[in-house]
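Read the figures in this text as sums done on the coordinates, not as results from a lab. What you see is a predicted model, and the numbers here were worked out from it, not measured in a lab. Here the Cβ positions follow ideal geometry from the backbone for every residue, glycine too, while neighbour counts run over all protein chains shown.
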Amino acid sequence: MDIVMLLVLGSLWGSSYLFIKVIVAEVPPMTLVAGRLLLSASLLWIVLRVSGRSMPRSRSAWGAFAVMGVLNGMLPYSLISWGEQYIPSNLAALLQATTPLFTILLVRLLTAEERLTPTRVAGVLIGFVGVGILMLPDLRQGLRASLFGQLAIVVSSISYAGAAVFARSRLRGQPALVSTTGQMTMGALLTLPLSLLIDRPFGISPSLPAVASWLGLSILGTVIAYVIYYTLIERTSATFVSTVTYIIPINGMILGALVLSESLTPTALVSLGLILLGVLLVRR
């Protein structure tokens, strides 16, 4: 059952890069994220009330939700949305596959759950070689927007890795729906003022495809996906959940090619193979 949930989660998150690419062509990144979090939080509160559950009132719980709202919401969402202004959606999905590599490093540094065996070290190195090959053309051409776009996705992977480790230690025992609602609520409260201040989105008028993508991103890629995510965090481990990135880049690259006609270059495929090989060794 855990494997099935992981496959569904990977498919939902894999489609998110396509949705973001469509939206960010018409909506500023921070406003995209604020709208995503606000809609997701609103829907989750409705589901919470219908199910008869209540939110905790302790400061420690809401403090944890605030940390997750940043690490697993506001920060990576903003970085990915900003980065996809300059790089294809399939490249963003591929770079996101580095999350397990960063997760195993953070787990080793911050907890005692995992050991850095020679095989895992080799996996991390191979995965980062894959990232280096992918970014090498832009590195040779100097500081360009596409290079910063790629770096933004890599930093978002670090943020997701930190969130997985934090959730495992601080949110264990919380119902998945409660954790997801708390995270989205705090993420929305923190992001909305930034959207109004930075983007001043008062005159935007997104098209029907952008609005539909915004709804799909919020409902499928956020609400449903994070309920599954927290359920898996509770049932398994941070490193197991991070292996969802086996599925995300493949799904994201296929959708980018089919829907947006994004190219699948030999370099990207070689990088994908190296990154996934690295993740496989890390998992072993």
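Taken along the Cα-to-beta-carbon direction at a fixed 7 Å, the label points for Arg200 and Val50 span 4.0 nm.
According to the square roots a ≥ b ≥ c of the eigenvalues of the Cα gyration tensor, what is the shape class of the chain, taking rounded for a/c under 1.5, prolate for a/b larger than b/c otherwise, and oblate for the remainder? The shape class here is oblate. Given springs between every Cα pair under 10 Å in a Gaussian network model of the chain, which of Ile198, Ile228, Ile126 has the largest fluctuation? Looking only at Ile198, Ile228, Ile126, the biggest GNM fluctuation is shown by Ile198.
Here the Gaussian network model covers the chain, with springs between Cα atoms less than 10 Å apart; of Gly130, Gly162, Gly63, Gly63 fluctuates the most.
Note: relative contact order over the range 11-160, using C-alpha pairs below 8 Å and six or more positions apart, is 35 percent.
Computed from point charges on the beta carbon alone (+1 for Lys and Arg, -1 for Asp and Glu), the dipole magnitude for the range 2-283 about its Cα centre is near 680 Debye. Dividing the mean sequence gap of close Cα pairs (under 8 Å, 6+ apart) by how many residues the chain holds gives a relative contact order of 42 percent. Taking the charge dipole of the chain about its Cα centre, with +1 at Lys and Arg Cβ atoms and -1 at Asp and Glu Cβ atoms, the residue from Leu134, Thr265, Thr98 reaching farthest to the positive side is Thr98. The residue among Ala66, Ala212, Gly149 whose Cα reaches farthest toward the positive pole of the charge dipole of the chain, with charges on the beta-carbon of Lys, Arg, Asp and Glu, is Ala66. Highest mobility in the GNM of the chain, judged by mean-square fluctuation with C-alpha springs under 10 Å and restricted to Gly35, Gly187, Gly132, is found for Gly132. Cβ-Cβ distance of Val270 and Ile3, R₀ of 25 Å, FRET efficiency by 1/(1 + (r/R0)^6): the value works out to about 0.35. The value of relative contact order for the range 142-284, using C-alpha pairs under 8 Å at least six residues apart, is 32 percent.
Going by neighbour counts of Cβ atoms within 10 Å, the residues Met186, Met68, Met135 line up, fewest first, as Met135, Met186, Met68.
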